[in-house]
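Trainee: Following this message is one structure expressed as structure tokens.
The values are calculated or read from the model by the stated rules, or taken from the named source; none is laboratory data. Remember, predicted model here, so these are calculated numbers, not experimental data. Cβ sites come from the backbone with ideal geometry, for glycine too, and all protein chains shown count toward neighbours. In case anyone asks, the SASA skips ligands and DNA or RNA and just uses the protein heavy atoms, side chains included. Shrake-Rupley method; radii C 1.70, N 1.55, O 1.52, S 1.80 Å.
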Amino acid sequence: MTTTDSPTPAFPAAATGCPMDPAPFMTELREERPVSRVTLWDGSRPWLVTRHADVRQALRDARLSSDVRRAGFPFLSAAQAEAIGEALITFIRMDPPEHTQQRRMLTSEFIVKRMEALRVEVDATVDALIDAMVAAGPSADLMEAFALPLPSMVICRMLGVPYEDHGYFQHRSQLVQDTTATPEQVNTALGELAQYLAELAGKKDAEPGDDLISRLVVEQERTGRLTRHEVAGMALNLLIAGHETTANQIALGVVALQSHPGQWEKLVADPSLIPGAVEEILRHQSIIPTGLQRVAREDMEIGGVTIRAGEGVLLQTSTANRDPRAFDDPDRLDVEREARHHVAFGFGVHQCLGQPLARVELQSALAGLVRRLPGLTVAAPVEELDFRHGGNIFGLFSLPVQW
Ligand code: HEM
């Protein structure tokens, strides 16, 4: 059964309802028409998939392509469509076998063992940031003082990017993810970032260090598997994926814990709940409001609906993670819930490569905050917070807290 004659809401829709919840129209669609068309900026009408079982199944279906070069790929803005220059085509936007070859070059960087070794450094960074907050306290903008610098410092350290330059790439990587930015702005930002990273790769070539970009240069570029341009593209992908994501997830997590009575206090009383709480925060608070973009390579079915070859598909992880068929009382944040089957990191071959790192950062950040600042509260009502709408990453521009 197809539903081509049903209304097709504009997507992404203007923000309505509680910013901490998926847009109400998507929740309605999940219950009434779980695979239904929406209309994008260019008039194209991809399918929005909103249920947990359908999203999971689709994410492991090789008939759905992540390749942006394929006709019908559902771009979310003119800027995104026009910015698909060489710089953006890294493996997140490729299919196997090309995707597999490039992803494999990085898997050893993110293995759990390496991440656990990094945990000591992450814990020390968390402590240093909280020291600075306490010294300037008893209030702060948690985004600026903590949530942004933590992942930014960590990914810089991993890649071997000087942290002093973070202002340069933070601003540009925000622009790249802003669906309201013009194509020129996005292209300029991408070009500058790629240029900066290519120059940095040149320096690593002359003097390799113990960092990811040096290893890419030595192991992949010098052996002819990657060009300098591709090394810069991969680093760019990681730099962008590595800081806005975790930063916003930390901030949204704090707000969610504080606005669900007793949840923050549970973590203060029993920090062993933190790993589970992180999974629950990932489930409950989606930083990806627009869904994961795919295009059908051939005719197929999702949730009983026929998708034709060349049609776009948006796999909505936020509504999937609030699907009552997968989670009891899904809108309730419960740090003691078993939430590991959430799809916040995607699923299948493109499942988030950085998830071990994101988990270490989120766990360390929360553990540091509840231990050092147990009386922390958000200093404004949720509806007055400065939410970041209109981008590929949802989150907060600032987060006033006090303790
Ligand atoms: C809370 C934090 C994060 C969330 C919620 C998140 C979410 C995701 C999701 C949903 C995907 C799948 C995209 C798709 O299927 O189209 C993905 C892919 C990816 N993520 Fe993350 N991510 C986070 C943090 C990170 C970090 C810290 C890094 C690395 C530094 C990272 C690197 C990547 C990469 C390289 C991919 C592409 C994987 C592939 O295509 O094979 N992510 N992420």
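Trainee: Please list 3J(HN,Hα) in residue order for region 233-248, calculated via the Karplus relation 6.51 cos²θ - 1.76 cosθ + 1.60 where θ = phi - 60°; whole Hz, with x for glycine and proline.
Mentor: Working through the residues one at a time gives x, 5, 5, 4, 4, 5, 4, 5, 5, x, 10, 5, 4, 5, 4, 5 Hz.
Trainee: Give the residue from LEU373, CYS352, PHE146 lying farthest towards the positive end of the charge dipole for region 24-402; charges sit on Cβ (+1 for Lys and Arg, -1 for Asp and Glu) and the dipole is referred to the Cα centre.
Mentor: CYS352
Trainee: Based on the Kirkwood radius over alpha-carbon pairs, what is the Stokes-Einstein translational diffusion coefficient of region 256-353 at 25 °C with 0.890 mPa s viscosity, in µm²/s?
Mentor: 162
Trainee: Return, for the Cα atoms of region 5-145, the radius of gyration and Dmax in Å, separated by a comma.
Mentor: 20.9, 61
Trainee: Let me ask you something else. Anyone know which of ALA136, ALA58, ALA198 comes out most mobile in the 10 Å Cα GNM of the chain?
Mentor: Its mean-square fluctuation being the largest, the pick is ALA136.
Trainee: Figure the gain on full extension for GLU207 and THR182 (residue separation times 0.36 nm, minus the Cα-Cα span) and round it to one decimal in nm.
Mentor: Full extension of this stretch gives 5.2 nm more.
Trainee: Under the Karplus relation 6.51 cos²θ - 1.76 cosθ + 1.60, θ = phi - 60°, what is the ordered set of whole-Hz ³J(HN,Hα) values for region 154-167, x standing for Gly and Pro?
Mentor: Along region 154-167, the couplings run 5, 6, 4, 4, 4, 7, x, 9, x, 5, 4, 8, 4, x Hz.
Trainee: Among SER44, PRO271, ALA251, flag the residue with its Cα farthest along the positive direction of the charge dipole of region 24-402, charges on Cβ as +1 for Lys/Arg and -1 for Asp/Glu.
Mentor: The residue sitting farthest along the positive end of the dipole is SER44.
Trainee: Roughly how many nanometres apart are two label points built 7 Å out from the Cα toward the Cβ at ARG63 and THR377?
Mentor: The two pseudo-label positions are separated by 5.5 nm.
Trainee: Ok, one more. Got a number for the accessible area of MET153? Probe 1.4 Å, square angstrom, nearest 10.
Mentor: That residue has around 60 Å² of solvent-accessible surface.
Trainee: Let me ask another. Put +1 on the Cβ of each Lys and Arg and -1 on the Cβ of each Asp and Glu in the chain; which of TYR163, PHE73, ALA14 then has its Cα farthest toward the positive end of the dipole?
Mentor: The Cα lying farthest towards the positive end belongs to PHE73.
Trainee: May I ask you to list the residues of region 224-257 whose amide nitrogen lies under 13 Å from a point 7 Å from Cα along the Cα→beta-carbon direction of VAL349?
Mentor: From region 224-257, the list is empty.
Trainee: Give me the net charge for the shell around GLN249: Cβ to Cβ below 11 angstrom, other residues only, Lys and Arg +1, Asp and Glu -1.
Mentor: In short, -1.
Trainee: State the percentage of accessible surface on region 24-402 attributable to carbon and sulfur atoms; use a 1.4 Å probe and exclude ligands, DNA and RNA.
Mentor: Of all accessible area on region 24-402, carbon and sulfur atoms account for 52 percent.
Trainee: Once label points are set 7 Å from the Cα along Cα→Cβ at both GLU301 and SER44, what is their separation, rounded to one decimal in nm?
Mentor: Result for the modelled spin labels: 2.6 nm.
Trainee: Please get the size of the charge dipole for the chain, origin at its Cα centre, with Cβ charges of +1 on Lys and Arg and -1 on Asp and Glu, quoted in debye to the nearest 20.
Mentor: Rounded to the nearest 20 debye, it is 940 debye.
Trainee: If you take the Cα atoms of region 24-402, find Rg, then find the Kirkwood Rh from the mean of 1/r over all pairs, what is Rg/Rh?
Mentor: Here Rg/Rh amounts to 0.95.
Trainee: Please report, in debye to the nearest 20, how large the charge dipole of region 207-258 is about its Cα centre when each Lys and Arg carries +1 at its beta carbon and each Asp and Glu carries -1 there.
Mentor: Rounded to the nearest 20 debye, it is 140 debye.
Trainee: Something else now. Report the net charge of residues surrounding PRO374, where surrounding means a beta-carbon distance below 14 angstrom and charges are Lys +1, Arg +1, Asp -1, Glu -1.
Mentor: +1
Trainee: Leaving out ligands and nucleic acids, note down the accessible area per residue over the chain with a 1.4 angstrom probe, in whole Å².
Mentor: The answer is 41 Å² per residue.
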